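One structure is given below, encoded as structure tokens.
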């Protein structure tokens, strides 16, 4: 369940905030001159207490005023004044804010008075637990304890997954529509790593039993967080690696930062034994500028055996000087930009409510949980159409992604990062900073997952939810008539994951008109290569930039791709769906008149999974259609599938590899933008469940082998999008966020424009 300091157990907020403040900081009560109800008020430090509560506090020394913000609440208050401005409206404080020395103090009732003033009705108590709710900290502990107490357990086991076992789909939908409880008991799916061996377990949380224990043959499992420490120690304690560093003038191994990378699969051509649990290590030099990524130790690769916990091989094929130019990316040494505040206020509170893990906004209802592998999973998405709650999507999430590089050199040829499948992007969730990563009015939600030891771990500010203005929904100016227009609002669910040098931002965007957008943004720092050339005018420049762009002196940004695949279990007005292609065509005019040609459309129903797998052609409309449901004029209801809706980098129209590459055959999902498969609850990931070092396609390539019919069946849509990233100077040393967009749009799903009510009298 999501937790927020504003909602946790619905405790009185002042008591909760006070307990946090005193417990965290060890600060005593202070009774000053402030009076409350004829007596001394109990006072606590203002800034520490409010920031621990999750609010931001800014002091304007010139204006002598505090500005306090949290979610949609904005308070301006002057010391020693009982009058404050709450979202632009006057409010009376029981006790004024006062200074004692240089520290401001507030009464212990301050938070309760301000944030429970009728504005904060965002969080609603969940009356009945949703069967898709993620495992609580207590449930994680119980499940792991059951495994540890079993005869199967051995010391040293590590946990790559501890998550809720989803009940059958029909039972979940029935719960949403009728409130009937699911029959499946509460269960936990667990994946355990025993050295290089992967084991799947199932725990019944009701009966407290271990229901199954299944070793998975040939699987290597994910890279875990403690592997990072293993490889760093292996590098630092290797005499051979120290010698290789000394050749490069590096004598302090403690200044070397090792990055653990999966080795991939090359049919033995890389000389690595397939049955070993290995990682390749490329390293960077920490020169004190805060950006070790700008100082690659080029041409040097170490191979670490994770079971032996030692370095077993060094590949040293190029002696390239380490770029030493200080390259900070945090703005140090630059003149700052002064901007006036931009405040987003919601003076009457939020337009959405959060009950447990379920979110309601206008006509939309959906459930969201954080998965340790793929991040947010949105489930049971419905739209209230004039009082009728209509199904749109059972489950949507990032399925998987890959970042493959195109340089064949020793330190680069194996780089093809399966960020979610190999590393677990949910585990690498980056806490969201209010006012920077998300707007000031965002509600920030914590999440709980299991770490590699099986212990429950809370991720603060794991996701953000906020409403925003998104331009005009529609407009028309009729001559001589009043203007008619209305604003478009969007509800955004935002999540950020940091995987090494790159940071990925994912937005699920809900529009009032039934459209769902998925925006994927890439930022962070480019993975760069050290080269001999300082400028493009040197003799070495042509060869140095063969596989990339010279971004700085001795620095090349290597050409690569960011390819995302989204798994979308669409249920368009039900589970009987088909894939339809609509093609505009030029047809001869056989009706007479001066025109020789006409515009018409041809419709084609796609029959099988393999026929559905195709590259994106923007001239074709692709629909997921329910032929058993019609709108008022008899057209079947549909949703349009748009896997690429624009971006500034070139679209990744396919995998930029020859068809004889093993990577091409292992990961079919990246070469086509549209896949449709018949629903199978075990088919979750486009790259397969265990892609690390996999020697075959265990994902979409395998899912479509049996070539099931996808006509009038329960279909799952897989949309692949992304960019081919050709580096440019403006992305160095830190990359402004680059976005790509996926869209799901209603197509004859409604009887008319669904937002006509936005202009109705209030």
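Miscellaneous remarks
One line per residue, one yes/no per condition, for (1) within 24 Å of residue 198 (Cα to Cα); (2) in the same structural domain as residue 208 (by TED's automatic domain parsing); (3) in contact with a strand residue (DSSP E or B) (Cβ under 9 Å, 6 or more places away or on another chain):
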position: 89; (1), (2), (3): no, no, no
position: 96; (1), (2), (3): no, no, yes
position: 100; (1), (2), (3): no, no, yes
position: 109; (1), (2), (3): no, no, yes
position: 114; (1), (2), (3): no, no, yes
position: 155; (1), (2), (3): yes, yes, no
position: 167; (1), (2), (3): yes, yes, yes
position: 173; (1), (2), (3): no, yes, yes
position: 177; (1), (2), (3): no, yes, yes
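- Residue in region 230-237 that is surrounded by fewer than 16 Cβ atoms within 10 Å (Cβ to Cβ), at pLDDT 95 or above and in a helix (DSSP H, G or I) present: yes
- Residue check, residue 470 in a strand (DSSP E or B) and under 20 Å from the mean Cα position of the chain (by Cα): no
- Tally, over region 534-555, of residues that are closer than 21 Å to residue 652 by Cα and either outside the structural domain of residue 607 (by TED's automatic domain parsing) or in a strand (DSSP E or B) (or both): 2
- Residue match in region 348-357 (condition: under 21 Å from the mean Cα position of the chain (by Cα), modelled with pLDDT under 95 and not in a strand (DSSP E or B)): yes
- Of all residues in region 65-87 being under 40 Å from the mean Cα position of the chain (by Cα) and in a loop (DSSP other than H, G, I, E, B), the one that is modelled with the highest pLDDT: 78
Okay, residues lined up against (1) under 30 Å from residue 437 (Cα atoms); (2) assigned by TED's automatic domain parsing to the domain that holds residue 169; (3) part of a loop (DSSP other than H, G, I, E, B):
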residue	(1), (2), (3)
707	no, no, yes
718	yes, no, no
723	yes, no, no
727	yes, no, yes
738	yes, no, no
741	yes, no, no
752	no, no, yes
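- Within region 562-573, not a single residue is without any contact (Cβ under 8 Å) to a residue 60 or more places away in the chain and touching a strand residue (DSSP E or B) at 6+ places or on another chain (Cβ under 6 Å).
- Scanning region 573-612 for residues that are surrounded by 11 or more Cβ atoms within 10 Å (Cβ to Cβ) and not in a strand (DSSP E or B) gives 573, 574, 575, 576, 589, 607, 609, 610, 611, 612.
- Options 691, 681; residue that is more than 25 Å from residue 522 (Cβ to Cβ) and touching a helix residue (DSSP H, G or I) at 6+ places or on another chain (Cβ under 8 Å): 681
- Count of residues meeting criterion [surrounded by 17 or more Cβ atoms within 10 Å (Cβ to Cβ) and part of a loop (DSSP other than H, G, I, E, B)] in region 514-533: 7
- Within region 317-354, being over 30 Å from residue 125 (Cβ atoms) and crowded, with 18+ Cβ neighbours inside 10 Å holds for 320, 322, 323, 327.
- Any hit, region 123-138, residues being more than 34 Å from the chain's Cα centre (by Cα) and within 26 Å of residue 465 (Cα to Cα): no
- Of all the residues in region 449-467, those that are touching a residue at least 60 places away in the same chain (Cβ under 8 Å), part of a strand (DSSP E or B) and surrounded by 15 or more Cβ atoms within 10 Å (Cβ to Cβ) number 8.
- Contact annotation: residue pairs with Cβ atoms under 7 Å, 6 or more positions apart or on different chains, pairing a residue in region 682-705 that is on the phi > 0 side of the Ramachandran plot with a partner that is buried (at least 24 other Cβ atoms within 10 Å of the Cβ) and part of a loop (DSSP other than H, G, I, E, B), are 688/699; 693/220.
- Test result for residue 111, part of a helix (DSSP H, G or I) and touching a helix residue (DSSP H, G or I) at 6+ places or on another chain (Cβ under 6 Å): yes
- Per the conditions (1) within 22 Å of residue 604 (Cβ to Cβ); (2) surrounded by fewer than 20 Cβ atoms within 10 Å (Cβ to Cβ); (3) touching a helix residue (DSSP H, G or I) at 6+ places or on another chain (Cβ under 7 Å), the sole criterion not satisfied by residue 675 is (2).
Residue by residue, here is whether (1) part of a strand (DSSP E or B); (2) at pLDDT 95 or above; (3) buried (at least 22 other Cβ atoms within 10 Å of the Cβ) holds:
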residue: 258; (1), (2), (3): yes, yes, yes
residue: 263; (1), (2), (3): no, yes, no
residue: 269; (1), (2), (3): no, no, no
residue: 273; (1), (2), (3): no, no, no
residue: 280; (1), (2), (3): yes, yes, yes
residue: 283; (1), (2), (3): yes, yes, yes
residue: 287; (1), (2), (3): no, yes, no
residue: 302; (1), (2), (3): yes, yes, yes
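- For region 88-103, a tally of residues being assigned to a loop (DSSP other than H, G, I, E, B) and free of Cβ contacts under 8 Å to residues at least 60 places away in the same chain returns 5.
- Out of 665, 649, one residue alone is over 20 Å from residue 391 (Cα atoms) and part of a loop (DSSP other than H, G, I, E, B). It is 649.
- Test: residue 331 is part of a loop (DSSP other than H, G, I, E, B), in contact (Cβ under 8 Å) with a residue 24 or more places away in the chain and closer than 24 Å to residue 552 by Cα: no
The values are calculated or read from the model by the stated rules, or taken from the named source; none is laboratory data. None of the values given here were measured: they were computed from a predicted structure. Please note: Cβ atoms are built from the backbone with ideal geometry, for glycine as well, and neighbour counts cover all protein chains shown.
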